[in-house]
1. Restricting to the stretch 305-319, and then to whatever is touching a residue at least 24 places away in the same chain (Cβ under 8 Å) and in a loop (DSSP other than H, G, I, E, B), can you tell me which residue is least open to solvent (accessible area, probe 1.4 Å)?
2. Being under 16 Å from I227 (Cβ atoms) and over 14 Å from the mean Cα position of the chain (by Cα): is that true of F284 here?
3. Restricting attention to the stretch 60-85, which residues are assigned to a loop (DSSP other than H, G, I, E, B) and in contact (Cβ under 8 Å) with a residue 60 or more places away in the chain?
4. Tell me which of these P290 doesn't satisfy, since it passes every other one: (1) free of Cβ contacts under 8 Å to residues at least 12 places away in the same chain; (2) in contact with a Phe, Trp or Tyr (Cβ under 6 Å, 6 or more places away or on another chain).
5. Here is a check on your reading of the model: is Y253 touching a helix residue (DSSP H, G or I) at 6+ places or on another chain (Cβ under 8 Å), of a type in the set (S, T, Y) and open to solvent by less than 60 Å² (accessible area, probe 1.4 Å)?
6. From the list D57, D42, which one is in a loop (DSSP other than H, G, I, E, B) and either without any contact (Cβ under 8 Å) to a residue 60 or more places away in the chain or open to solvent by 40 Å² or more (accessible area, probe 1.4 Å) (or both)?
7. Give me the pairs: first residue in the stretch 321-337 and in a helix (DSSP H, G or I), second residue among the basic types (K, R), beta-carbon distance under 6 Å, and six or more apart or on different chains, which are they?
8. Here are some residues: Y18, Y32. Which one is part of a loop (DSSP other than H, G, I, E, B) and of a type outside the set (G, A, S)?
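The values are calculated or read from the model by the stated rules, or taken from the named source; none is laboratory data. Bear in mind that the values here come from a model prediction, so they are computed numbers and not experimental data. Positions of Cβ are generated from backbone atoms using ideal geometry, with glycine treated the same way; all protein chains shown enter the neighbour counts. Side chains included, ligands, DNA and RNA excluded: accessible areas come from the protein's heavy atoms. Shrake-Rupley method; radii C 1.70, N 1.55, O 1.52, S 1.80 Å.
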Amino acid sequence: MIAIHNSKSGFHARWIAYCEENNIPYKVVNCYADELNDQLKDCKALMWHHSQQNPKDLVIAKQILFALEHTGLKVFPDFKTGWHFDDKLGQKYLFERLVLPFVPTYAFYDKKEAVEWASQTSFPKVFKLRGGAGSVNVKLVNSQQEAFFLIKRAFGKGFDNYDKLGSLKERWKKYREGKAGIWEPIKGLLRFGVTPPYAQVLGKEKGYVYFQDFIPNNNSDTRIIVIGEKAFALKRYVRKGDFRASGSGNFAYAKNEFDECCVKLAFEANEKLHAQCAAFDFVFDKENNPFLVEVSYGFVKEVYDPCPGYWDKELNWNPGKFNPQGWMVEMLVKEYH
């Protein structure tokens, strides 16, 4: 029997629907409950789509999942899938160690070393905090002076995990483009008075600074999601007058939009990661070589519903609708049988 966390967000509802449609035994459990182990006594697996914006998940989700996996229970996401989730710092060392084609990245934990590097490097560079989705906490650094300012702050008062001004600008932009109602910028204004609960849990980001090389002339990025031996794709166009693609809301899905070298590379990368599910983000350099930017196990499920098909590991195209959440259930059932 599969245990599925009791939540209406994320993948949970689709996991439940798939189990019901295919007569797969399951039960709904509360992963926050003190008696969780009692709830799991008759289960062989647990599925929990934890989020970087859920304060309870941030406190304990990874620890619970990894503790259960340590004792033999099958889980989704498992350790190799989820330990580096929403942690760009961790991903840097992982990708470098695995010798993946990764955008050159620089991390410093000493102010003096960071300043020395910024004094000698070229610009622009991309500044990021270790966590955040939809291009939040991401800035283009055009000069040495801007880098010095960010370094000073990183080793001083630090950065809020929720960028109030940046969020308001993004909400206002989407409202003006007709992609959101008036309530969105109003919520952005209200956030100046009330910090989101997840950001309160995370507190300040400080004590490190993280930069990536800026890869110019990309009007989009490519996301390839690998689940087992299948992969599907989404192209995300950059915002007007901006360099960021994630969170733009401007998508393309047709098969001819994608260079299959990214699909091949995503399969190869996941063979090294051994992840149950991996959403890889790619950009291209001036020689049209793909470079990995980051990876995540989770994604907004509705955004990928229009995908017209998927590739298998041999890069054969399979047209038609598919159910990636169902693939996740099938994978876990296969693991415990």
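1. Here the residue is C307.
2. Numbers: under 16 Å from I227 (Cβ atoms): no; over 14 Å from the mean Cα position of the chain (by Cα): yes.
Spelling it out, it is not the case that F284 is under 16 Å from I227 (Cβ atoms) and over 14 Å from the mean Cα position of the chain (by Cα).
3. Quick first cut of the stretch 60-85, residues assigned to a loop (DSSP other than H, G, I, E, B) only: 71-73, 77-78, 83-85.
Once the filter is applied, which keeps residues that are assigned to a loop (DSSP other than H, G, I, E, B) and in contact (Cβ under 8 Å) with a residue 60 or more places away in the chain, the stretch 60-85 yields P77, D78, H84, F85.
4. So the condition that P290 fails would be (1).
5. Working: touching a helix residue (DSSP H, G or I) at 6+ places or on another chain (Cβ under 8 Å): no; of a type in the set (S, T, Y): yes; open to solvent by less than 60 Å² (accessible area, probe 1.4 Å): yes.
It is false that Y253 is touching a helix residue (DSSP H, G or I) at 6+ places or on another chain (Cβ under 8 Å), of a type in the set (S, T, Y) and open to solvent by less than 60 Å² (accessible area, probe 1.4 Å).
6. Values: D57 fails: in a loop (DSSP other than H, G, I, E, B).
None of the others qualify; the one that does is D42.
7. Q325/R14; L332/K74; E335/K74; Y336/K44; Y336/K74
8. Details: Y18 fails: part of a loop (DSSP other than H, G, I, E, B).
Answer to the selection: Y32.
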